[in-house]
Every structure is written in C-alpha cells, then in structure tokens.
1. Give the range 3-22 a look and list any residue that's modelled with pLDDT of 90 or more, under 18 Å from Q70 (Cα atoms) and out of contact with any helix residue (DSSP H, G or I) (no Cβ under 6 Å at 6 or more places or on another chain), or say none.
2. Out of everything in the range 129-145 that is in a strand (DSSP E or B) and in contact with a Phe, Trp or Tyr (Cβ under 8 Å, 6 or more places away or on another chain), what residue ends up being farthest from Q11 (Cα to Cα)?
3. Taking the range 21-54 as the region of interest, how many residues are of a type in the set (K, R), more than 27 Å from C106 (Cα to Cα) and either under 13 Å from the mean Cα position of the chain (by Cα) or surrounded by 18 or more Cβ atoms within 10 Å (Cβ to Cβ) (or both)?
4. Being crowded, with 19+ Cβ neighbours inside 10 Å and either of a type in the set (K, R) or at positive phi (or both): is that true of F62 here?
5. Report, by residue number, each residue of the range 29-54 that is of a type in the set (V, I, T) and modelled with pLDDT of 95 or more.
6. Those residues that are more than 9 Å from the chain's Cα centre (by Cα), surrounded by fewer than 20 Cβ atoms within 10 Å (Cβ to Cβ) and under 15 Å from K52 (Cβ atoms), I need them from the range 78-99; list them, please.
7. Only one of (1) at pLDDT 95 or above; (2) in contact with a helix residue (DSSP H, G or I) (Cβ under 6 Å, 6 or more places away or on another chain); (3) under 25 Å from D107 (Cα atoms) is not met by V57, so which one is it?
Amino acid sequence: MKHFARRLKAQDNINTDYVISGRYKFKIQDPDELAKHIFEDIDPAFAARVQKGDVLVAGENFGCGSSREQAPQSLKQAGFFAIAAKSFARIFYRNAFNIGLLLVECDTSFIDDGDELELDIGKGKLKDRSKGLVLDIKPVPMVMKKLLEDGGVVEHFKKHGGFKFE
C-alpha cells in the first residue's frame, strides 16, 4: 500500500504539546475537531496537508513531554497510518499502540516531505519509493502487532475479554 511522507520542519524532541497544544487538549472533546489543530504552533498549515494513509516522519525522541492520549489520538484521527521516527518517548510509544496507531523506528534522515513510502512490517522494511531506498525498521513486538490488529487495547479487551496474544 502506498503512503506519503509528511515531514515537519522541526525534527527532534517534538513534544506532545507541539502535537496538540494545551489550549485545545481540554477544550475540544471531538476527535475530528482536535485533529484539525495538530502541530499548529510549528506549522499552522500542517493539518490541512495531511491525507488519509500518510506517514508522519520525525527525528529522535518524538512524543516527549506530558504524553497525554490526545496526542496520538489526534494524529490517528488526522489520518496518519503510521509514524516513522528515529526514536519515541516511552509513554507516547505505549499510548500510540494502545489506541491502534503504528509506530516504526528507523533512520528517517533521508525521507523528504511528500516522498512515496511503502511499509512492510512483516519484513521490517520501510521503502522510500521516491528515492529507491530501503530502510530497516526496528522490529515491532508481537504484543504491539496484536494490539494493532485488534484496533488498540480497548478493542482487544472487547474481542478477547482480557490480554490474549496467541
């Protein structure tokens, strides 16, 4: 499946307050409305460029800060299929998988905004088709893959009545 990269101007240490500003986190309850404000303090036009199925591309320590669930939820609601970064803050990482948002860790230095990407989790590869590059991704743990398959931890519990990862 084809995806397109959406790269921010700022790359490293993007905290959750940049993902979705605190002025919206508690005022807006509608996830669709919240998604319209992602990265507004970094790039006010960013949310308007996102298309369903895009891959957000970032640098190191993405999602640091308070890591409230509104940050990964607003990214998923905006239409992102996945986020590719060099590394993620621990709490953001877990919150993203809990809501069914795929995160992949790899060297994102070579990916430019708008590049056509293809992600193969099974083979552990992220292909930048625009440049002809194939990047290795850090393996996604089996538990996280299962949560993704089920649509997140809430849907997993509904489906299985608890944690079952067979």
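1. Selection gives N13, I14, N15, D17, Y18, S21.
2. Within the range 129-145, the first condition is being in a strand (DSSP E or B), and the residues that meet it are 133-136.
Next, only the ones that are in contact with a Phe, Trp or Tyr (Cβ under 8 Å, 6 or more places away or on another chain) stay: 133, 135.
Working: L133: 20, L135: 18 Å.
Step by step, filter the range 129-145, then rank; the result is L133.
3. Within the range 21-54, residues that are of a type in the set (K, R), more than 27 Å from C106 (Cα to Cα) and either under 13 Å from the mean Cα position of the chain (by Cα) or surrounded by 18 or more Cβ atoms within 10 Å (Cβ to Cβ) (or both) number 1.
4. Working: crowded, with 19+ Cβ neighbours inside 10 Å: yes; either of a type in the set (K, R) or at positive phi (or both): no.
Considered against the rule, which asks whether it is crowded, with 19+ Cβ neighbours inside 10 Å and either of a type in the set (K, R) or at positive phi (or both), F62 comes out as no.
5. I38, V50
6. G79
7. Going through (1) at pLDDT 95 or above; (2) in contact with a helix residue (DSSP H, G or I) (Cβ under 6 Å, 6 or more places away or on another chain); (3) under 25 Å from D107 (Cα atoms) one by one, V57 breaks only (2).
The values are calculated or read from the model by the stated rules, or taken from the named source; none is laboratory data. What you see is a predicted model; the values in this text were computed from it and never measured. Note that we place each Cβ from the backbone using ideal geometry, even for glycine, and neighbour counts take in every protein chain shown.
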